Amino acid sequence: MNLRKLWLVATTTYKQQVRSTLFLIMTFAMPLFSVGAGLVPVLLEERASLTRLGWVDQTGVLALPPDQEFLQLTPFDDEASAAQALESEQVDAYLVIPEGYTEGASPVYHGRRGPNDNASAALRLALRQAVAPDAPAWLNDRLTDAVVWQFRDLDTGVTLHDGMELFLWQGTPMIVAILYAFMLLTTVNHMGPAIVREKEERAMEIVLSSLRPVELVGGKILGLSLLTLTQAAIWGLSGAVAIGLLWSRQGQTGMPLLPWGTLAWGLALAAPGYLLYGALGAGLGILAGDREQSRQIAGIVAILAFAPMWCIGLFLTQPNGGPAILMTLIPVFAPVVAMFRMGLAQVPTWQLWAALGILWVSVGVGLLIVARLFRAAALLYGQRLAPRQIWRALIAR
């Protein structure tokens, strides 16, 4: 096999597909959505960062607290005066504290819309200060954040903070596994049509005169895998930007802890996983005979990519059980199942190495089978391989 020719086919395939409208939409639509999801709350919070609140104390025993960072308080003698100020837009809303507040009655918030998160937190602090105006600042701060949970991962010893950091540590492997399964759809849907393109355009004689079947098939699969890698890189960068925006919005500094070891194993398993699914898509495309039918039959391969999702309950209850281990060692399931398991428990390293080895062996066997099918079907214009021809192609030396 000539590696230079294989790489030439890969780069040509990549350049053809990277300009397609479908690829551009699929690649940039999700990044725009994810970055927007992180940016819009920040922009809205900046626009409504200060709430002018009317304060109506019907108890007669509360002290008017000082203005907060996100809250400007204006006292009123009665509710009618506060309502008039709201109507004339002197305040954004007003709070009525009823006479029975000290016995358990709830204050009533009047406004056209509710306060944002920062204003709500400032309002809770203001009520505490109104009840106990002489309390030291540290007491109000402690009451505001009564318990700040920290969690320690027993397997790694890493200490995590409650909230976003804990969610990212536990959820990132599963999110990446789901995105991997979705991106396989792009690879499989393009693989079959890319393989049979020259056959439909009746250029097969010219192609085969300069390329061996394994070089053509391997180059096509490698090119489309690089295309998917480009898409994954853009999605990953946009996800990092969105996480950074949400992280800074919570007032955090630095970077949240992520399970980099787990992600590294996920990448190591995803690479041969993509090549294997590419080979499956190419083989089915050859058997289908034309581009349109190869797209339709690609749904069969997509079912394999999403099959582990049906067993998520099993992974949650027994992440290191026998069925989970078995599915980790099955090549078409290995990347998704391994990522799910690593997000839930400590997976023995030997199982990951075994899954990786089986995947690469499967890729080699898959490429060999697809190359033989391609050679047998190369010059059958408008025809499909019969079962007997398929068998002869597979056992040929």
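Details
- Segments classed as helices (runs of 4 or more DSSP H), wholly inside the stretch 303-359, with at least 3 members that are loosely packed, with under 13 Cβ neighbours inside 10 Å: 312-317, 322-328
- Close pairs (9 angstrom Cβ cut-off, 6 or more residues apart or separate chains): among the β-branched types (V, I, T) in the stretch 72-93, part of a loop (DSSP other than H, G, I, E, B) anywhere: T74/Q90; T74/V91
- Here P66 does not qualify as modelled with pLDDT under 90, under 24 Å from N116 (Cβ atoms) and in a helix (DSSP H, G or I).
- Selection of first residues in the stretch 278-292 that are buried (at least 21 other Cβ atoms within 10 Å of the Cβ) and of second residues that are modelled with pLDDT of 70 or more and of a type in the set (G, A, S), restricted to Cβ pairs under 7 Å at least 6 apart or on distinct chains, gives the following pairs, ordered by first then second residue: G278/S225; A279/G366; L280/G366.
- Sole residue being surrounded by 21 or more Cβ atoms within 10 Å (Cβ to Cβ), of a type in the set (G, A, S), within 27 Å of the chain's Cα centre (by Cα) and at pLDDT below 80, chosen from G192, G223: G192
- Of the residues making up the stretch 124-143, those that are modelled with pLDDT under 80 and charged (D, E, K, R) are D134, D141, R142.
- Annotation note: of W247, W260, the sole residue that is surrounded by fewer than 16 Cβ atoms within 10 Å (Cβ to Cβ) and either modelled with pLDDT of 70 or more or touching a Gly at 6+ places or on another chain (Cβ under 9 Å) (or both) is W260.
The values are calculated or read from the model by the stated rules, or taken from the named source; none is laboratory data. The shown structure was predicted, so the numbers you read here are calculated from the model rather than taken from an experiment. Positions of Cβ are backbone-derived with ideal geometry, glycine not excepted, and every protein chain shown enters the neighbour counts.
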